[in-house]
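One structure, pasted below without further comment.
The values are calculated or read from the model by the stated rules, or taken from the named source; none is laboratory data. This structure is a prediction, so every number in the text was calculated from the model and none was measured. Because the Cβ atoms are built from the backbone with ideal geometry, glycine has one as well, and the counts that use them run over all protein chains shown.
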Amino acid sequence: MIRDFAKRALTLLAVTAVVFVSGAGADDIKIPDMGSPADAILNKSQEAQIGRAIMRSIRMSGQLVEDPQITEYINEIGHLIAAQTNDGDHEFTFFVVDDPRINAFALPGGYIGVHTGLIDASRNEDELAGVLAHEVAHVTQRHIARSIHASSRQSVLSTALMLGALILGAAGGDADVVQAGMAIAQGTAAQQQINFTRSNEYEADRIGIGALAQAGFDPHGMSSFFEVMSRQQLSAPDERMPEFLRTHPVTSARIAEARTRSAAYPRVSTSDSTNYGLVQARLRVAAFDTSEQAVSYFERRDYENQTDVERYGRAVAYQRAGRDYEARRIFEYLVEKDKKVIAFHIGLGQAQLALEQYSAGQRTFDEAVDLFPRNVPLVIHYGELLLQLGKAEQAHTMLLDLMNNVPPTPEQVRLIARAASMAGEGAEAYYYLSEYRLMTGDLVGGVNYLRQALAMPELQEIQRIRFEARIDFIREFMTEEQLTQLQRSRPVGLTVSTSQ
């Protein structure tokens with residue numbers, strides 16, 4: 001068993017060595033921070049590239065939640081906290097994993113994942129923010145690189161196992177594999193590693209609590225969530241223990257220290273944002289196996305006695321069940337009551353268009369875009385609906401404006417590629433598909449899409465210059481193996497410049 005694990009870990013480490021080159025971009029070409037001993041093992045550029053490699057695996061697994069409203073919310077909260085602790089050298093990406101287990105984790109390079117189960121289990125926004133603050137601190141304090149550096153006195157195999165365990169575990173969503181791999185890698189020094197990991201947890205608590213307070217959240221949110229987890233630890237059998245407790249052991253001493261640190265900050269009175277409740281409602285609707293179960297859950301209380309968040313969940317459940325008339329009535333009420341909530345406008349517009357009330361639906365979206373220009377979920381949902389209505393040119397123009405101002409996700413790049421294709425912009429569609437391939441780590445596929453763009457008969461000269469320059473740039477970061485693969489995969493009949 002250990003030999004098999006070692007073999008897989010070393011194989012993954014070899015793959016990672018390739019990723020260090022193939023995944024590089026212009027932003028990665030930085031002088032390493034020579035002041036950090038952890039850089040001797042893993043510098044910040046390498047951390048970022050490992051993180052991208054793991055994110056590609058998570059994305060390919062199909063477990064990434066692509067709902068733009070949920071993604072936007074978790075990034076808003078995460079970046080608000082990160083702004084309080086970041087030294088300027090870290091870029092953060094927050095994402096949600098479709099997994100009912102209660103857990104959160106930090107990957108190399110500032111990628112922070114939160115399970116849907118944890119968002120649902122949190123009792124208020126301060127608790128959710130507390131978990132994010134803890135994970136942000138793991139990144140800013142470079143605990144992954146420091147953990148590997150701490151093992152550098154061991155053999156090269158130990159370090160390889162440490163990295164391999166990290167990649168294998170995070171890519172597969174199995175935190176137990178990571179912990180087991182680290183224990184194996186340390187051998188007789190296992191206890192020292194455990195102690196070092198505990199010190200990381202305490203440090204992440206300390207830094208995270210400070211960030212919580214500075215971001216305007218209740219600093220007691222972290223210890224509050226720890227207490228909830230601790231009670232579950234006492235009542236749950238070992239095999240049903242929440243994943244959060246396996247990867248973030250919570251002891252009475254740790255809870256007490258978190259309370260003491262929180263008490264050093266002024267107690268603040270906070271209330272959950274509307275979006276916190278709406279995100280929980282969306283996740284709960286999606287979590288049910290059938291639409292009937294979702295509707296039944298949100299109809300447990302009479303409509304007159306429900307909060308606006310519960311009514312929103314009810315309307316989303318109705319949408320899932322195809323009961324769009326009922327959903328529209330609720331969204332109309334919610335929009336009229338509070339026009340500042342973007343999710344209400346999106347829901348109303350979607351319900352109207354589902355009922356083939358095209359003019360009313362477009363008017364709802366147009367008014368919302370005027371109120372909230374370049375809001376990512378709003379523009380993405382509107383773009384999707386415009387494509388359904390056959391208005392591809394309008395969708396392409398609107399999406400391009402958004403993505404020129406807000407960094408897009410890979411799925412959003414695929415959406416604009418579809419819009420460009422439907423609008424008759426074939427060369428631009430291939431260009432966007434190339435960018436999608438690059439974002440998911442396929443450099444050869446990215447170049448081949450650019451070659452297809454260059455072969456389009458309506459290609460303009462400025463496009464040709466742009467695409468060829470992009471190919472030259474990508475080639476600089478390709479390995480010899482990738483260059484050979486690129487040569488072999490060259491589409492027959494394409495005319496490309498000799499500089500390629």
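Any idea how many residues of the stretch 196-206 are closer than 16 Å to residue 82 by Cα and surrounded by fewer than 19 Cβ atoms within 10 Å (Cβ to Cβ)?
Residues meeting the conditions: 2.
Residue 109 versus (1) in a helix (DSSP H, G or I); (2) out of contact with any strand residue (DSSP E or B) (no Cβ under 7 Å at 6 or more places or on another chain); (3) modelled with pLDDT under 90: which is the lone unmet condition?
The one condition residue 109 does not meet is (1).
Out of curiosity, is residue 262 part of a loop (DSSP other than H, G, I, E, B) and at pLDDT 80 or above?
Against the criterion (part of a loop (DSSP other than H, G, I, E, B) and at pLDDT 80 or above), residue 262 does not qualify.
Output the number of the condition that residue 425 fails; it satisfies all remaining conditions of (1) more than 28 Å from the chain's Cα centre (by Cα); (2) under 26 Å from residue 75 (Cα atoms); (3) surrounded by 20 or more Cβ atoms within 10 Å (Cβ to Cβ).
For residue 425, the failing item is (2).
Can you confirm whether the stretch 462-470 contains a residue that is among the small types (Gly, Ala, Ser), in a helix (DSSP H, G or I) and in contact with a Phe, Trp or Tyr (Cβ under 9 Å, 6 or more places away or on another chain)?
No: zero hits.
Every residue in the stretch 100-119 that is closer than 20 Å to residue 62 by Cβ and either in contact with a helix residue (DSSP H, G or I) (Cβ under 6 Å, 6 or more places away or on another chain) or hydrophobic (A, V, I, L, M, F, W, C) (or both), please.
Matches in the stretch 100-119: 100, 101, 103, 104, 105, 107, 111, 112, 114, 116, 118, 119.
A follow-up question, please. Go through the stretch 322-353 and report how many residues are crowded, with 17+ Cβ neighbours inside 10 Å and either under 29 Å from the mean Cα position of the chain (by Cα) or among the hydrophobic types (A, V, I, L, M, F, W, C) (or both).
Number of matching residues: 17.
Then there is this: Could you check how many residues of the stretch 397-411 are in contact with a Leu (Cβ under 9 Å, 6 or more places away or on another chain) and at pLDDT 95 or above?
Matching residues across the stretch 397-411 total 2.
Now for a different question. With (1) hydroxyl-bearing (Ser, Thr, Tyr); (2) in contact with an Asp or Glu (Cβ under 9 Å, 6 or more places away or on another chain); (3) at pLDDT 95 or above as the list, and residue 297 as the residue in question, which single condition is left unmet?
Failing condition for residue 297: (2).
Hey, does the stretch 80-101 have a residue that's surrounded by 23 or more Cβ atoms within 10 Å (Cβ to Cβ), small (Gly, Ala, Ser) and at pLDDT 80 or above?
So far as the stretch 80-101 goes, yes, one or more of its residues are surrounded by 23 or more Cβ atoms within 10 Å (Cβ to Cβ), small (Gly, Ala, Ser) and at pLDDT 80 or above.
Let me ask something else. On the given criteria, is residue 297 under 26 Å from residue 124 (Cβ atoms), part of a helix (DSSP H, G or I) and without any contact (Cβ under 8 Å) to a residue 60 or more places away in the chain?
Answer is yes for this residue.
Within the stretch 117-126, identify whether any single residue is in the same structural domain as residue 229 (by TED's automatic domain parsing), under 22 Å from residue 220 (Cβ atoms), surrounded by fewer than 20 Cβ atoms within 10 Å (Cβ to Cβ) and in contact with an Asp or Glu (Cβ under 8 Å, 6 or more places away or on another chain), and answer yes or no.
yes
To continue, here is another question. Having 2 or more residues that are free of Cβ contacts under 8 Å to residues at least 12 places away in the same chain is the bar; report the helices (runs of 4 or more DSSP H) wholly within the stretch 375-449 that clear it.
Passing ranges, in order: 392-403.
Table: residues versus (1) crowded, with 16+ Cβ neighbours inside 10 Å; (2) among the aromatic types (Phe, Trp, Tyr); (3) in the same structural domain as residue 73 (by TED's automatic domain parsing).
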{"position": "275", "(1), (2), (3)": "yes, no, no"}
{"position": "291", "(1), (2), (3)": "yes, no, no"}
{"position": "299", "(1), (2), (3)": "no, no, no"}
{"position": "311", "(1), (2), (3)": "yes, no, no"}
{"position": "316", "(1), (2), (3)": "yes, no, no"}
{"position": "382", "(1), (2), (3)": "yes, yes, no"}
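For residue 359, are the conditions met, namely being assigned to a helix (DSSP H, G or I) and either closer than 21 Å to residue 72 by Cα or touching a Phe, Trp or Tyr at 6+ places or on another chain (Cβ under 9 Å) (or both)?
Answer is no for this residue.
A further question follows. For residue 135, indicate whether it is in the same structural domain as residue 204 (by TED's automatic domain parsing) and in contact with a Phe, Trp or Tyr (Cβ under 8 Å, 6 or more places away or on another chain).
yes
Can I ask one more? Residues in the stretch 322-342: is at least one in a helix (DSSP H, G or I), of a type in the set (Lys, Arg) and within 20 Å of residue 68 (Cα to Cα)?
No, because not a single residue in the stretch 322-342 is in a helix (DSSP H, G or I), of a type in the set (Lys, Arg) and within 20 Å of residue 68 (Cα to Cα).
Name the residues in the stretch 383-420 that are of a type in the set (S, T, N, Q) and within 30 Å of residue 54 (Cα to Cα), would you?
404, 405, 409, 412
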